[in-house]
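First up is the structure itself, then whatever we jot down about it.
The values are calculated or read from the model by the stated rules, or taken from the named source; none is laboratory data. Treat the numbers as computed from the prediction; the structure is a model and nothing was measured. Virtual Cβ from ideal backbone geometry, glycine too; neighbours counted across all protein chains shown. Heads up: the accessible areas ignore ligands, DNA and RNA and are worked out on the full protein's heavy atoms, side chains in. Shrake-Rupley method; radii C 1.70, N 1.55, O 1.52, S 1.80 Å.
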Amino acid sequence: MLRDLSSIGKERKLLGISQRELAKMAGVSQSLISKVENGQMVPNYDVALRIIRALELMREKKGLSRAREIMSSPVISVSPKDSLKKAISLMEEHGISQLPVISNGKVVGSLTEEAIINRMGSISMETLVEEVMGSPFPIFPPDTSVALIKEALLYYQAVLIQENGSIVGIVTKSDLVRNLERI
């Protein structure tokens with residue numbers, strides 16, 4: 001399965017390489033890389049594969065870790081119809097401060113300690129998760145560079161890792177700190 005190409009510009013920049021360098025490594029023109037990064041062009045499968053392989057090769061050369069190497073698994077989650085009592089109990093039991101909200105195998109939201117605290121006074125332990133949940137955490141494939149995950153964690157409390165349509169892991173700031181020497 002081929003991954004989404006919308007992040008190649010950001011990933012290229014995180015790797016510290018120019019469009020020209022990426023183009024040379026992938027055997028394509030610099031203008032093609034520019035058009036793909038700007039969303040002006042969707043390359044054919046062969047070209048997309050060469051671009052992705054060039055990025056992967058550069059990641060390996062730079063010794064950068066991937067999400068699958070630092071993610072926590074299995075993912076602890078709640079349903080939108082679960083009570084806050086159940087969600088808070090799971091957070092306490094597992095020592096975590098956020099949960100993805102999943103319904104029928106699909107990520108539909110997120111629940112964080114911050115969201116719960118912000119609603120204190122207007123909710124009870126019997127309040128349903130769906131009444132408090134926020135937007136879903138971003139979802140990345142397992143081969144995403146940790147550098148890109150780190151950038152996402154500047155804006156989100158967690159990112160989810162999805163493979164073959166299933167959520168297989170979660171990465172939080174705690175995972176980054178715990179794996180500092182590997183990054």
(request) Sum up the charges of everything whose Cβ sits under 11 Å from the Cβ of ALA67, counting Lys and Arg as +1 and Asp and Glu as -1, but leave ALA67 out. (result) -1
(request) Give the angle, between 0 and 90 degrees and rounded to the nearest 10, that separates the Cα long axis of helix 45-62 from the longest principal axis of the Cα atoms of the chain. (result) 80
(request) Subtract the Cα-Cα distance of SER6 and SER135 from 0.36 nm times their separation in residues, and report this length gain in nm to one decimal. (result) 44.4 nm
(request) Evaluate the distance, in nm, between pseudo-label points positioned 7 Å from the Cα of GLU114 and of GLU93 along their respective Cα→Cβ axes. (result) 2.6
(request) Treating each Cα of region 66-170 as an identical point scatterer and ignoring solvent, apply the Debye formula and state log10 I(q)/I(0) at q = 0.19, 0.21, 0.23 Å⁻¹. (result) -0.92, -1.08, -1.24
(message) Taking 41 Å as R0, compute the FRET efficiency from the Cβ-Cβ separation of LYS61 and LYS106 and round it to 0.05.
(response) 0.65
(request) Could you tell me the distance between the Cα centroids of region 38-80 and region 132-183, to the nearest Å? (result) 12
(request) Over all alpha-carbon pairs of region 73-132, lay out the pair-distance distribution in 10 Å bins, whole %, shortest bin first. (result) 24, 60, 15, 1
(message) Per residue, how large is the accessible surface of the chain? Use a 1.4 angstrom probe and give square angstrom.
(response) 55
(message) Counting only other residues whose beta carbon sits under 9 Å from that of ILE33, what net charge do I get with K and R as +1, D and E as -1?
(response) +2
(message) Taking just the alpha carbons, could you work out the radius of gyration and Dmax for region 6-64, both in angstroms?
(response) 10.3, 31
(message) Here is the link list: LYS24/LYS150; LYS61/LYS106; LYS24/LYS106; LYS13/LYS173; LYS85/LYS173; LYS10/LYS61. Which ones come out longer than 29 Å on Cα distance?
(response) LYS61/LYS106; LYS24/LYS106
(request) Identify which of ARG119, ARG50, ARG66 has the largest mean-square fluctuation in a Gaussian network model of the chain, with springs joining Cα atoms closer than 10 Å. (result) ARG119
(request) Please give the length that would be gained between LEU49 and GLU151 if that part of the chain were fully extended, namely 0.36 nm times their separation in residues minus their C-alpha to C-alpha distance (nm, one decimal). (result) 34.3 nm
(request) Calculate the all-directions average of the projected area of the chain's alpha-carbon convex hull, and give it in nm². (result) 11.4
(request) Could you work out how far helix 84-94 tilts from the main Cα principal axis of the chain, as a 0 to 90 degree angle to the nearest 10? (result) 60
(message) If I model a spin label at ARG178 and LYS13 as a point 7 Å from the Cα along the Cα→Cβ vector, what separation in nanometres do I get?
(response) 3.0
